[in-house]
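**Student:** Structure below; questions to follow.
Every number in this text was worked out from the coordinates using simple rules, so none of it is lab data. Values in this document were obtained by computation on a predicted structure and should not be read as measured data.
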Amino acid sequence: MLFLFGTRASRIHRKALEDNTECVNCNHQNTLVATTYSRYFHIFWIPFLPVGKTTILECSHCKKSYAESDLNETIKQSLVKSQEADPPKSPTWQGCGCLLIFAFVVFSLLSMFIGYLFNKDEVDESLDDVRTEYLEDDIYKTRSKPDKKTDSISFYLKTCIDLSIEGVDMDKIRYYSKINEDKLLILLKVGDMKKIEPSSRKELVYAVEKCLDLIVKEEKYQTYIGVDGKWNMLLVKTPEGSDLSGKYADSELLLPFYDTKLKIKEANEKTKTEQTEE
């Protein structure tokens, strides 16, 4: 790929020296003309940044040129005095590449900020959805030996599921259940299910449903079933939808179970706010 870069120079200032300066070569006075060049870095001929200045003196009579290092003290002082009175300045266009990059960065940041403002409510809702925390807390409550008094549904569910699925130690499955008004949540925590074909893993959900028909009997619940694996949710079946692929299930389908709890929390916070304002 052709990639051209380097430095170039352009003339930015030209002025004759006064103070009766004399050319060392031809001894003519007031014939020295100082020309200043500004060097700049470029990429693909686009100037990016000034990198320094160089001044060359030339005698208009004998055409002899002098670099700044070749000047005697008298001419140096005259050159300094001349440049202090009328200093050579690098033109703005020599830094236009940096200005373009700066403008691009500012534009990108503004675009991100505007996008954030437009999507703020949507982002906040996904980040601050406490229902996800409720679900994580309940998954943590799963037990391999559910207590009959505190979690009777899980206790009888474990007893009922007597089928053997190859590759899974049924005794190590952990259970947790919760009732929220007319909603029933069943959570199972399993270990490594790599040895089971994804298409066969949903049999565990079907087994849970069959056992629930016997356990809850005539009670009618909206049932939310989630099977959590070692690293992620594997199986989900709810009134809102199912995800039984057996690999990466959408755990958000379980969140509506907590809507009542969330409404109660919001109502309590609103009441506290009103009492504080009073």
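**Student:** If you stretched the chain out fully between residue 192 and residue 144, how much longer would it get, using 0.36 nm times the residue separation minus the C-alpha to C-alpha distance?
**Tutor:** Extending this stretch completely gives an extra 15.8 nm.
**Student:** In the P(r) worked out for the range 63-112, what percent of Cα pairs fall beyond 13 Å?
**Tutor:** Above the 13 Å cut-off, the range 63-112 has 73 percent of its Cα pairs.
**Student:** While we're looking at this one, here's another question. Which cross-chain or sequence-distant (5 or more) residues have an amide H under 5 Å from the amide H of residue 193, H modelled 1.01 Å from N in plane?
**Tutor:** Correct list: 230.
**Student:** Please list the non-local residues whose amide H lies under 5 Å from the amide H of residue 250, H modeled 1.01 Å from N, same-chain partners needing a gap of 5 or more.
**Tutor:** Correct list: empty.
**Student:** What list of ³J(HN,Hα) values in whole Hz, one per residue of the range 147-152 in order, does the Karplus curve 6.51 cos²θ - 1.76 cosθ + 1.60 (θ = phi - 60°) give from phi, with Gly and Pro shown as x?
**Tutor:** Going residue by residue, I get 7, 5, 7, 8, 8, 5 Hz, with x marking Gly and Pro.
**Student:** Dividing the alpha-carbon Rg of the range 197-265 by 2.2 N^0.38 Å yields what?
**Tutor:** Relative to the 2.2 N^0.38 Å estimate, the range 197-265 comes out at 1.19.
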